[in-house]
1. Quick one: 3J(HN,Hα) in Hz for region 140-147, Karplus 6.51/-1.76/1.60 with θ = phi - 60°, rounded, Gly and Pro as x.
2. Under the rule of at least 5 residues apart or a separate chain, name every residue whose amide H is placed under 5 Å from the amide H of ASP127.
3. Go through region 29-37 residue by residue and turn each phi into a ³J(HN,Hα) via Karplus (6.51, -1.76, 1.60, θ = phi - 60°); whole Hz please, and just put x for glycine and proline.
4. Using a ≥ b ≥ c from the Cα gyration tensor of the chain (square roots of the eigenvalues), is it rounded, prolate or oblate, where a/c under 1.5 gives rounded and otherwise the larger of a/b and b/c decides, a/b for prolate?
5. Which of THR32, ALA44, ALA18 sits closest to the plus end of the dipole of region 1-117, meaning its Cα is farthest towards the positive end, when Lys and Arg get +1 and Asp and Glu get -1 on the C-beta?
6. Projected onto the charge dipole of the chain (+1 at Lys/Arg Cβ, -1 at Asp/Glu Cβ, origin at the Cα centre), which of ILE61, LEU133, TRP98 gives the Cα projection farthest towards the positive end?
7. If you put +1 on each Lys and Arg Cβ and -1 on each Asp and Glu Cβ, how big is the dipole of the chain around its Cα centre, in Debye rounded to 20?
8. Residues of region 47-86 with the amide nitrogen closer than 19 Å to a label point 7 Å from the Cα of ILE130, along Cα-to-Cβ, please.
Amino acid sequence: MTRLESAMPNKDIGPGEAADRARSRRTTINFTILALLGGVIGFAAGLIEQPDAPISAGGTIPAWFAILAAAVFVVAVVAGSVLYYRNMDELQRLDNYWATTVGANVFLLAYPVWLVLWKGGLVPAPDAMILYLAVFATTMIAYFWRKWR
């Protein structure tokens with residue numbers, strides 16, 4: 001047993017480990033609050049949306065709710081991003097930059113290609129929801145791949 005091992009019992013943690021646990025806890029709380037907020041808005045939208053409205057149809061929720069939901073979304077994303085950025089370490093920051101770049105490149109490639117093929121009459125018009133989900137999913141997959149590779 002080394003001097004360091006004998007001086008530090010297994011149940012004690014060092015200041016770096018304590019700071020990392022606190023940072024991880026703050027990040028978990030941040031994401032939990034944002035997820036709950038998004039869930040509440042989504043659930044409320046589902047309750048007040050016109051019955052049998054297709055997901056691609058517009059004008060299916062009241063304008064006041066759309067404005068409120070959009071404002072809450074913008075504030076939550078901006079505030080949540082600032083809090084997340086302040087809590088991350090340099091390795092998390094690099095993982096996020098890399099994943100964001102991958103997601104941006106998916107959009108940079110997908111939209112112009114889809115647009116040109118649509119203009120050529122080969123595919124349906126570009127769909128914002130599909131593009132959003134593709135970029136979001138790609139960014140998340142890239143982040144988790146980089147984090148746990």
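1. 5, 4, 4, 4, 5, 5, 5, 5
2. The answer is none.
3. Once rounded to whole Hz, the list reads 4, 4, 5, 5, 4, 5, 5, 5, 4.
4. Taking the square roots of the gyration eigenvalues as a ≥ b ≥ c, the chain is oblate.
5. ALA18
6. Towards the positive end, the residue furthest out is TRP98.
7. Numbers: 12 positive and 10 negative charges, 80 e Å.
Result for the chain is approximately 380 debye, rounded to the nearest 20.
8. 54-58, by backbone N distance to the label point.
A short reminder: the numbers here are calculations on the coordinates, not readings from a lab. Please read all numbers here as calculations on a predicted model, not as lab measurements. Don't worry about glycine lacking a Cβ; one is built from the backbone with ideal geometry, like all the others, and counts go over all protein chains shown.
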